[in-house]
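Step one of this worksheet: look at the structure below.
Please treat every number below as a calculation from the coordinates, not as lab data. It should be emphasised that the depicted structure is a prediction, and the values quoted were computed from it without experimental measurement. Every residue, glycine among them, receives a Cβ derived from its backbone with ideal geometry; neighbour counts consider all protein chains shown.
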Amino acid sequence: MISRRNALKTSAGFAAAATVGAPSILHAQTATLKITTWGGKWGDIMKATVLPAFEKEHKCTVSADQAFPFLPKLQASKKNDPLYDVFHTNSNEQWSALTEGLVMDKFTTKEVPNIADVYPYAVSDKIVGVTIFTSAIGLGYRTDKGLTPPKSWKDLADPKLAGQRGGYLIPVNSLGQCHLMMLGKVYGRGLQDLDAAYKALEQLKPIKLVDFTGQMEKMLLSAEVSEGVIHDSGVYRYEGANRQPVDFCSPTEGVMALEQVLNVPPGSKLKELAYAYIDYMLRPDVQKLLAEAVWYSPANRKVKLSEKYDAKLLTTPERVATLIQPDWKWYNARKDDIDARVTKILKG
Amino acid sequence: MSAVPNKMPFDPGRAAYVTLNVVLLGFLLAPIAIVLVFAFNPTPYISFPPVGVSLRWFDKFFASSDFMNALWLSLWIAACVLVLAVVIGGACALALARGNLPGRGFFTAFFMSPLMLPAILTGLALFQSYLLVGIGRPVWGLIMAHTLIAVPYVLRTTLAVLHNFDRRIEEAAAVLGASPLRVFFEVTLPLIRPGVFAGGVFAFIVSFDQFPVSLFLVVPKGETLPVVLFNYMKFDLDGAIAAASMVSILLALAVVLVLERLIGLKAYVKL
Amino acid sequence: MDRRIVLRHDAEPMAAASRPSPIAWLIAPALLLFVLFFVLPFGVMAVMSVFSGNPVTNPNAFLTTRHYMRFIADDAGIFHDALWATLRIGLVTTVVSLLIGYPLAHWMARMQSRLGHVLVLMAVIAPLLTGIVVRTFAWMTILQDKGVINTTLMSWGLIHKPLPLMYNEFGTTVALVHIYVPFMVLTLTGVIGRIDERLEQAARSLGAGRLRAFVEVTLPLSLPGVLAGSLLVFALSISAYVTPSLMGGTDVLTLPMLIAQQVGTSFNPNFAGALGMILLLVCLVIVIAYNKILARLSGEKGLA
C-alpha cells in the first residue's frame, strides 16, 4: 500500500511537474495525439492494450481525455489549435460538430485505407467521419416477470407495463432521441413524423426516465423496470457471473443504430497521425479485441468474432440490413423545439 | 462555565431533544450506511437487501491507478484550497466586518455570487478564459478555480461569527496595553476560530467534492476523484464507486480530525 | 451603522465612521482572486450571451439579443416554469434544511464532551464526503420503487403499490436537503456556540421555561447565523444541477439543468450564458435583499 506521505510527495511532485509545463517536455520528444475515449471497460482496454500498441508502432504518445462531455470543450478551443486530434463520439454529436466546422465530412481510402473493408453503413451519407463500431438499439426485458417477450416496438406501450417501463431523457440522450424517431416510424408515416411520435410518447406514460444507458442497465438488472429501450451491448455484456434474467429483443420494425464514430478536426496539427490512428482502430485485430470486450458490432466486414459474439452481434450483411440510421442533420436542426415539446409531454 | 446540572433523574424535555437529534443524525447517515452496504455487496448493481459480504470492490478500487491517482490529486488540491481559501476568505471577512468599507452590502453579495451560479457555467467560463489566454489547463488553474468557489463559504461563516462578536474583549486587551497586532493574534483570532474552522472544513469539502468546475479543467491523467467516479459510473455502475466513497470518507474525516485538533472548536472560551 | 466605532481603541471617534480603516486592505487578495478568476471569465460569459456564436473562434458571430428574448418570450413554455421550479425547490430545501439543521447545530454547540462534539461533527460532515455521485445513488437505493423504503413498507403490508418517492420534486428535495444540512449545521454551530449560555440560564432563573428562554433569548441571538446559513443553502440549491438531473427524471427541470443541457447536449453556450446571467441577476437581487435584512437585524439587536 502506498504510504500517504509518499503519495502526497508524489502528488506534490506530479503537481509541480504539471505546472512547470509538461506539454513542452513531451513535445520536445514525441508527438502527442490527443483523443477522446469512453470510460468503463472500453477505457480500460484502450489504456491497457490498444493505445500502448499504437504508441509503440508510431513512436508517439496518446493523451486520452475521459472527462465527458467533449464537444463543448472542442467548441471552446481555437479552430487552428483544437483540443483534440481525434474526436470519438456518437453520430448525433458528430453532426453537431460538423455544422460548426469542428470536424471533417468524409474520409477516403487515401487517408484511411481500411475504409475499403467496412460495411456501407460506416461511410453512408448519414455519417460524418467513419463509424468504427455500432450497436443495435432495441428493447431489453426481464424474462422472469411472466410477460410475453416483446416483438415489436409497440409492445413497450403494453398497459401491463405501466410504471415498469424505462426510457431516456430525450434532450440529453441519443438513444432517447432514436426512440422518439422510431415511434414516428412505428405509429406514423416515418422517422420524421414527429406528431405521431409525440402522441405515442404520451401513451407511454408512466415511464421511468434516466440520463444514460448505464442507469437503464442497472434498472433492468435490479428489476426496477421490466422492459426498456436499450442497446444490445447493454444487455449482452452482463454474462457469466453477472447473469440476470434479462434478454434483448430486436423489434420487427428494425433497430436503430448507435454508432461509435471517429473524426478529425480540420485544424489538427497531427492529421497524418490522426488518420493512422483511425486506420489502426479499423484493423481486424483491434476491432475484434474491442468488440469482444464490450459487445460492440465491428464496422470492418473482415472481422471474425468468436462463436458467442458472432451469434448475437451484427456481423452479417443480413443482420446489418436491419440497422436504421436516423437523419441527425434533420433532428439536430429541430432539437430545441423537440426538447421543449417532449419536456412538456413527459412532465408529471 | 458549565451548564446548570439537571436535578430531575429523567428529563422528558431533554430526552425528546436528544431523540430528535439522533433521528436527524440518522437521516444524515442513512445514505452512508447504504453506501457501506453497497461497498461490500458483491452484486454489480444497486440491490437491496444485500446478498453478501465481499471485498472485491475495494480490490478493484485500490488496484485501479485511475482511482488512486485521482484520490491523491483530490486530497492534495483540497489541502491547497483549504489554506488559500481560509487566508483569503478570512482576511476578506475581517475587511468587510471591520474595515468600514463603502458598499459593504454590494461587496458581500459580490463575493457570494460564485455560489449562485451553476458551477457548470463557472467551469465553462474559466475553461474558455484559460484557452483564450493560452495557459491551457494547469493544476494551479484548477486550484484557483476551487479556491474561488471555496472563499464564499469561509467568508460567510467567518462573517457570521464576527457579527456576534463582543468587541469589548478586544478593547479590554487594548486598554491593558496590548498592541493592535497582539490584540488581533491573541484575542481576535482565537475567538473567531469556530467560524474559521467551519469555513476551512467547507473549503476542504467543497474542493474535494467539486465536480462541474473540475469537469472542464482537468486533463487526461490529471482528473479529480469526482470526475473519475462520474465517468466510471456512466459505464460501470457497480460497487467500486461505493468502495471509493468509503475510502475517501475515511481519509477526508482523518483530515478534518487533524484540522479540529489544530484550529479547533475548543475556542468556546467564555469570559 | 456600527455604533461600536465610538469605542475603537485607535481612539478616533465619529470621524472614523466615514473613513475606511487600514483593515479594509485585507479585502485585496479576495478582490484580486475574484477579478482574475471570476469577473474576467464572466465577462467572457456575458459577452457570449449576446453573441450568436463564439466570437473568438467564429468570425461570423454577430451581436444579438435573441437569447434573452428567447427566455423572455418562452415560446416553448418551459423556461419560466424552470425559473419558478428553481426558486421553489431552493426555498423548500432551505426551510427544511433549517428545520433539520438548527436542532443539530444547537446540540453540537452546547455539547460538553469534546469527544461527543467531534463524533457529531464527523457524522454531520460525512454525508458531504461521500461525493455527489455516490450519495445520489445511495438515495436512489433508498427511494426507488424497489428501494429500501418501499420494499420495507410493502413487506410490512402498509402499502400495496410503491410510493413515488423518486423522479420528482420530492426525491430531488430530499437529496438536496441531505447535502445542504451539513452546511447549515456548520454555519449555525459557530454562531450558537458564541452565544453565552448564561444568558439563557439567567432567563430561566427569572422564571422562563426552557422553550421560552430558547425562543426569546437564544433564537434571536442566533439570527445572523440563521440568515447566513439560509442564504448559503438557498444559493447552493438554486445552482445545483447534478442532483436534480439524477433524481428528478423529467418531472423536474430547473434552470441549472437547462443550462447544463444547453452546454452539454445542445452545444449552445451562448444561450446557456444568457440563462446563467438571468439566474445570477435574480439571485443577486435576493441576496442583496437578504443582506439588508441581516444588517438591519444585527444593527437593532446589537448586544444583549
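Between A:LEU147 and C:LEU99, the C-beta separation translates, for a Förster distance of 60 Å, into a calculated FRET efficiency of about 0.85. With R₀ fixed at 22 Å, the C-beta to C-beta distance from A:ASP81 to B:TRP140 puts the FRET efficiency at about 0.55. Considering helices alone, the calculated mean residue ellipticity of chain A at 222 nm is -12500 deg cm²/dmol, with DSSP H runs of length four and up weighted by -39500 (n - 2.57) and normalised per residue.
With no solvent and one point on each alpha carbon, what is the Debye value of log10 I(q)/I(0) for the protein assembly as shown at q = 0.08, 0.09 Å⁻¹? Calculated log10 I(q)/I(0) at the listed q: -0.76, -0.96. Hey, how many Å between the Cα centroid of the range C:22-98 and the Cα centroid of the range A:148-217? Cα centres, the range C:22-98 to the range A:148-217: 34 Å.
Sequentially through the range A:290-301, phi angles give Karplus couplings (6.51, -1.76, 1.60; θ = phi - 60°) of 5, 4, 6, 6, 10, 6, 9, 8, x, 7, 7, 4 Hz, Gly and Pro residues having no value and appearing as x. Only aspartates and glutamates eight or more places from A:LYS205 in sequence, or on another chain, were considered; those with a Cα closer than 15 Å are A:ASP155, A:ASP158, A:GLU227, C:ASP251. Pairs from the table (A:LYS106/A:LYS312; A:LYS185/A:LYS347; A:LYS208/B:LYS60; A:LYS271/A:LYS302) lying more than 28 angstrom apart at Cα are A:LYS106/A:LYS312; A:LYS208/B:LYS60. Working from the Cα coordinates of chain B, the gyration tensor eigenvalues give, after taking √(5λ), semi-axes of 38, 30, 15 Å in decreasing order.
The reciprocal of the average 1/r between distinct C-alpha atoms defines the Kirkwood hydrodynamic radius, which for the range C:23-64 equals 11.9 Å. To the nearest Å, what is the center-to-center distance of the range B:69-124 and the range C:104-123, using C-alpha atoms only? Each part's Cα centre sits 26 Å from the other's. Remark: chain A is approximated by an ellipsoid whose semi-axes, taken from the C-alpha gyration tensor as √(5λ), come to 36, 23, 22 Å, largest first.
When you work out D = kT/(6 pi eta Rh) for the range C:78-298 at 37 °C and 0.692 mPa s, using the Kirkwood radius from C-alpha pairs as Rh and the Stokes-Einstein form, the result is 169 µm²/s. The angle separating the long axis of helix B:12-40 from the principal Cα axis of greatest extent in chain B is about 30 degrees. Backbone geometry of the range C:93-108 corresponds, through the Karplus equation with coefficients 6.51, -1.76 and 1.60 at θ = phi - 60°, to 3J(HN,Hα) couplings of 4, 4, 4, 5, 4, 5, 4, 7, x, 4, x, 5, 5, 4, 4, 5 Hz, x marking Gly and Pro. Among C:LEU223, C:LEU280, C:LEU26, the largest mean-square fluctuation in a Gaussian network model of chain C (Cα springs under 10 Å) belongs to C:LEU26. Calculated mean residue ellipticity at 222 nm for chain C: -21000 deg cm²/dmol, from DSSP H runs with n ≥ 4 weighted as -39500 (n - 2.57), summed, divided by the residue count and rounded to 500. The fraction of Cα-Cα pairs per 5 angstrom bin, counted from 0 for the range C:70-183, comes to 2, 10, 14, 14, 16, 15, 13, 8, 4, 2, 1, 0 percent, rounded to whole percents. Neighbour counting of Cβ atoms within 10 Å sorts the residues C:VAL282, C:VAL134, fewest neighbours leading, into C:VAL282, C:VAL134.
The ranking of C:LEU36, B:LEU94 by Cβ neighbour count inside 10 Å, starting from the fewest, reads C:LEU36, B:LEU94. If you model the range B:140-258 as an ellipsoid using its alpha carbon gyration tensor, with each semi-axis the square root of five times an eigenvalue, the axes come out at 40, 15, 11 Å, biggest first. The helix-only estimate of mean residue ellipticity at 222 nm for chain B, built from DSSP H runs of length n ≥ 4 each weighted as -39500 (n - 2.57), is -24500 deg cm²/dmol after division by the residue total. Over chain B, Cα pairs under 8 Å with separation of 6+ residues give a relative contact order of 31 percent. For the pair C:ALA61 and C:GLU216 in one chain, pulling the backbone fully straight at 0.36 nm per residue adds 49.7 nm over the alpha carbon distance. Counting only DSSP beta bridges whose two residues both lie in the protein assembly as shown, roughly 65 percent are antiparallel. With Cα atoms defining each centre, the range C:157-201 and the range C:239-290 are spaced 23 Å apart in the structure.
In this simple spin-label model, placing a label point 7 Å from the Cα along the Cα-to-Cβ direction at both B:SER65 and A:THR252 gives a separation of 5.3 nm. For C:LYS292, the lysines whose Cα comes closer than 17 Å to its Cα, not counting residues fewer than 8 places off in the same chain, are C:LYS301. Legend: residue pairs A:LYS269/B:LYS234; A:LYS34/B:LYS234; A:LYS47/A:LYS269, Cα-Cα distance threshold 25 Å; pairs beyond threshold, A:LYS269/B:LYS234. Summarising the label geometry, the points placed 7 Å from Cα in the beta-carbon direction at C:MET69 and C:GLN112 lie 7.1 nm from one another.
Note: the range C:168-299, Cα convex hull, 117 Å³ per residue. Of B:THR19, B:THR158, B:THR43, the residue with the greatest mean-square motion in the GNM of chain B, using alpha carbon springs below 10 Å, is B:THR19. Annotation: aspartates and glutamates with alpha-carbon distance below 19 angstrom to A:LYS73 (same-chain offsets under eight excluded): A:ASP65, A:ASP81, A:ASP85, A:GLU93, A:GLU100, B:GLU223. Across peptide B:20-26, the mean count of Cβ atoms from other chains lying within 10 Å of each residue's own Cβ comes to 5. Counting Cβ atoms of other protein chains within 10 Å of each Cβ in C:256-262 and taking the mean gives 6. In the range A:114-199, Rg over Rh equals 1.05, where Rg is the alpha-carbon radius of gyration and Rh the Kirkwood radius from pairwise Cα distances. Legend: ranking of residues B:ARG193, A:ARG301 from fewest to most surrounding C-beta atoms inside 10 Å; resulting order A:ARG301, B:ARG193. Gaussian network model of chain A, Cα springs within a sub-10 Å range: biggest mean-square fluctuation belongs to which of A:ALA122, A:ALA333, A:ALA291? Highest fluctuation among the options: A:ALA333.
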